[in-house]
Amino acid sequence: MSASERVELFDIRSSYLELREEIDAAIAAVVDSHQFIGGPEVRRLEGALAEYCGTRHAIGLSSGTDALLLALWALEVGAGDEVITTPFTFMATAGVIPRLGATAVFVDIDPASFNLDPAAVEAAIGPRTKAIIAVHLFGACSAMDRLGTIAERHGLPLIEDAAQAIGATHGGRRAGSLARAGCFSLFPTKNLGAFGDGGFATTDDDELYQRLVLLRSHGSRDKQTFERLGGNFRLDAIQAAVVAVKLRRLEGWNERRAAIATHYREAFAERGLAGRGLVAPAATAERHVYHLFVCRVPRRDEVVAGLEARGIGARAYYTVPLHRQPALRGLSRVSGRLPNVERAAAENLVLPMHPFLRDDDVERVADALRETLDALEIR
Ligand SMILES: Cc1ncc(COP(=O)(O)O)c(C=O)c1O
């Protein structure tokens, strides 16, 4: 890349170019078989995903959103119930709750991890609470040991929204194996991405798995008898074939992301950026898979504009947290205060992160950040 080219936030083309022959052959095999829905490709991928996540079951689904919807539906969340979660996340996490007639209850986050604050979760539990959704935001697991203890104490199911965290660990175990069910997205920009929409759910619970199987196909096993309501929430075979090829590279790609994060931290330290208000994600003992590399910075919107003007892809995420979203008005409520959510929404700065980012790209991002802070006189 020449110095004049932009450093992009994402790069989903390079993973295809690296695996082009294998992916093209896998797609051609599905086309040849004409088994487009379900079939051996989907079953093979489900087996590989269950093995990777360390769970008894994985079930291919139409999207990460649908994985969340079906997990709650299978747990019989419905009218009059409440589900506790974070408002600092993508709309999908909480949007599924009122679709089942329940109310989303939003609590504050831990400022260091951007993930649920377990004490705030426990304070929000009441007689109508039916479940808790922990989001492993940006690629790092939530405090699942503490959340698991709280959920158990109150007899509540805990669900992982692991859309951004495939391969991340907590207590040495992988995301998806840390609660009653794990919900994953295979959206193209995710660490493991399809060539379209897709998702899956994981669980060790045989009964829950059987319910998910029914919900995925209109509540039927044989297309003749419909045991319960469900829908069409299937993953198609071409997506499964693509994802199966990419899954074999996921560990290497996640390791490269972690190495880039370390490089970022070193490059920021060399330039003294921390002393000027920039907070990079801290190194963690547990495995962070850096779906996104998210810092905090003062005067964030001006910094984003400064980086963009210097050819660096930069963005703010979730600037309007979910408790302030018009679509959730009357369908959600806030428990306690949300100062850490408001701060995260105002200060988060997403920088380029993908396995194909080069070392000199990281240096360019760090240089552009320093120049931007200089220009804005942030000292
Ligand atoms: C935290 C989170 N939850 C849920 C989803 C929904 O996944 P999908 O886009 O596959 O429906 C996403 C991603 O888009 C996400 O980032």
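Assorted remarks:
- Any hit, segment 209-223, residues being away from the ligand (no atom under 12 Å from the Cβ), open to solvent by less than 30 Å² (accessible area, probe 1.4 Å), in the same structural domain as residue 132 (by TED's automatic domain parsing) and touching a strand residue (DSSP E or B) at 6+ places or on another chain (Cβ under 6 Å): yes
- The listed residues are 103, 89, and the only one of them that is open to solvent by 10 Å² or more (accessible area, probe 1.4 Å) and either out of contact with any His (no Cβ under 9 Å at 6 or more places or on another chain) or under 24 Å from residue 200 (Cβ atoms) (or both) turns out to be 103.
- Yes/no for residue 377 being in contact with a Pro (Cβ under 9 Å, 6 or more places away or on another chain) and not β-branched (Val, Ile, Thr): no
Every residue, every condition in (1) in a loop (DSSP other than H, G, I, E, B); (2) open to solvent by less than 30 Å² (accessible area, probe 1.4 Å); (3) not basic (Lys, Arg), yes or no:
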position: 319; (1), (2), (3): yes, no, yes
position: 323; (1), (2), (3): no, no, yes
position: 333; (1), (2), (3): no, no, no
position: 353; (1), (2), (3): yes, yes, yes
position: 360; (1), (2), (3): no, no, yes
position: 363; (1), (2), (3): no, no, yes
position: 368; (1), (2), (3): no, yes, yes
position: 371; (1), (2), (3): no, no, yes
position: 377; (1), (2), (3): yes, no, yes
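- Exactly one residue out of 172, 182 is open to solvent by less than 20 Å² (accessible area, probe 1.4 Å), out of contact with any helix residue (DSSP H, G or I) (no Cβ under 6 Å at 6 or more places or on another chain) and of a type in the set (Gly, Ala, Ser): that is 182.
- Each residue in segment 294-315 was checked for being within 15 Å of the ligand (Cβ to nearest atom) and open to solvent by less than 40 Å² (accessible area, probe 1.4 Å), and 1 pass.
- Qualifying positions in segment 34-82 - free of Cβ contacts under 8 Å to residues at least 60 places away in the same chain, surrounded by fewer than 18 Cβ atoms within 10 Å (Cβ to Cβ) and either within 16 Å of the ligand (Cβ to nearest atom) or hydrophobic (A, V, I, L, M, F, W, C) (or both): 79
- First in segment 98-125 and within 17 Å of residue 321 (Cα to Cα), second anywhere and aromatic (Phe, Trp, Tyr) and surrounded by 19 or more Cβ atoms within 10 Å (Cβ to Cβ), Cβ under 8 Å, 6 or more apart: 109/88; 114/88; 114/138
The values are calculated or read from the model by the stated rules, or taken from the named source; none is laboratory data. This one's a predicted model, so the numbers in the text were calculated from it and none came from an experiment. Here Cβ is always computed from backbone atoms with ideal geometry, including for glycine, and neighbour counts include all displayed protein chains. Just so you know, the surface numbers come from the protein's heavy atoms only, side chains and all, with ligands and any DNA or RNA stripped out. Shrake-Rupley method; radii C 1.70, N 1.55, O 1.52, S 1.80 Å.
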